[in-house]
Amino acid sequence: MHIKLDYVLTVTDLYYTTVVTITNNGINIPDFYYYRNFDPDNNQSISGDFTTQNTIVSQPGSGCNKAHVKATSNLPGSQPVSYVGLAGVGSNFRAIYGGFSNRDGSDIWNGAFFTQVVGSTNYADEAIAIAYRIQNFAPATTQQFRFVVILD
């Protein structure tokens with residue numbers, strides 16, 4: 001596998017785009033998963049409260065073709081509300097919240113042990129993630145996709 005990541009940031013935007021280009025240099029892969037996962041409590045001191053309100057905004061097939069999860073915090077000292085989100089457009093994306101040290105892209109994409117239901121929300125110290133699935137990834141082929149990290 002050859003994986004190339006490009007980050008696209010425009011000075012005036014409140015998001016950045018990650019462009020992922022993957023080339024299969026090996027054998028056919030029936031299901032290949034790429035994911036981005038992180039703990040969204042980015043504005044707390046080490047002794048602070050690390051809980052965030054995590055919400056599944058949308059999933060492909062739920063009225064639009066976008067996977068979107070967000071995390072917000074309005075703890076004292078984080079005014080205005082702190083916001084971070086992950087979003088990707090296309091039927092191969094899925095968004096989740098839950099877990100903390102998530103290391104299995106198929107579990108994230110399939111929602112195993114995580115929450116994927118649109119409109120669900122939870123106030124906790126937990127991760128948010130987005131996963132992308134490539135089915136029947138043939139040798140000597142390249143797939144490219146992009147997702148955004150939204151900062152507001």
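The values are calculated or read from the model by the stated rules, or taken from the named source; none is laboratory data. Please read these numbers as outputs of a predicted model, since none were measured by experiment. Counting neighbours? That spans all protein chains shown, and the Cβs are built from the backbone with ideal geometry, glycine included. Each accessible area value is taken on the protein alone, full model and side chains, heavy atoms only, with ligands, DNA and RNA left out. Shrake-Rupley method; radii C 1.70, N 1.55, O 1.52, S 1.80 Å.
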*Candidates per chymotrypsin sites (Phe, Trp or Tyr not before Pro) in the stretch 93-134, loop by DSSP, up to 12 other Cβ within 10 Å*: PHE100, PHE113
*asked:* For a quick check, take a GNM of the chain with Cα springs below 10 Å and name the residue from GLY111, GLY99, GLY63 with the largest mean-square fluctuation.
replied: GLY63
*Pick from ALA129, ALA95, ALA140: which is most flexible by mean-square fluctuation in a GNM of the chain where alpha carbon atoms under 10 Å apart are linked?*
ALA140
*Pick from THR23, THR72, THR115: which is most flexible by mean-square fluctuation in a GNM of the chain where alpha carbon atoms under 10 Å apart are linked?*
THR23
*With θ set to phi - 60° and the Karplus curve 6.51 cos²θ - 1.76 cosθ + 1.60, what are the ³J(HN,Hα) couplings of the stretch 143-152 in order, to the nearest whole Hz, using x for Gly and Pro?*
10, 10, 8, 9, 9, 10, 10, 9, 10, 9
*Could you point to the label whose value was computed as Cα Rg over 2.2 N^0.38 Å for the structure here, given [x] 1.08; [y] 1.14; [z] 1.28?*
[x]
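With a 1.4 Å probe and every protein chain left in place, work out the accessible area per residue of the chain in Å², rounded to a whole number.
52 Å²
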_Explain nothing, just compute: Karplus ³J(HN,Hα) = 6.51 cos²θ - 1.76 cosθ + 1.60, θ = phi - 60°, for every residue of the stretch 31-38 in order, whole Hz, x for Gly and Pro._
9, 10, 10, 10, 9, 10, 9, 7
_I'd like the accessible area for ARG94, computed on protein heavy atoms only with a 1.4 Å probe and all protein chains in place. Round to 10 Å², please._
50 Å²
*With labels modelled as points extended 7 Å from the Cα through the Cβ direction, what inter-label distance (nm, one decimal) is found for GLN144 paired with SER106?*
2.9 nm
_Whole-Hz couplings from phi, Karplus 6.51/-1.76/1.60, listed for the stretch 84-89; x for Gly and Pro_ = 9, x, 10, 8, x, 9
*Accessible-area composition of the chain, carbon plus sulfur, in percent [1.4 Å probe]*: 54 percent
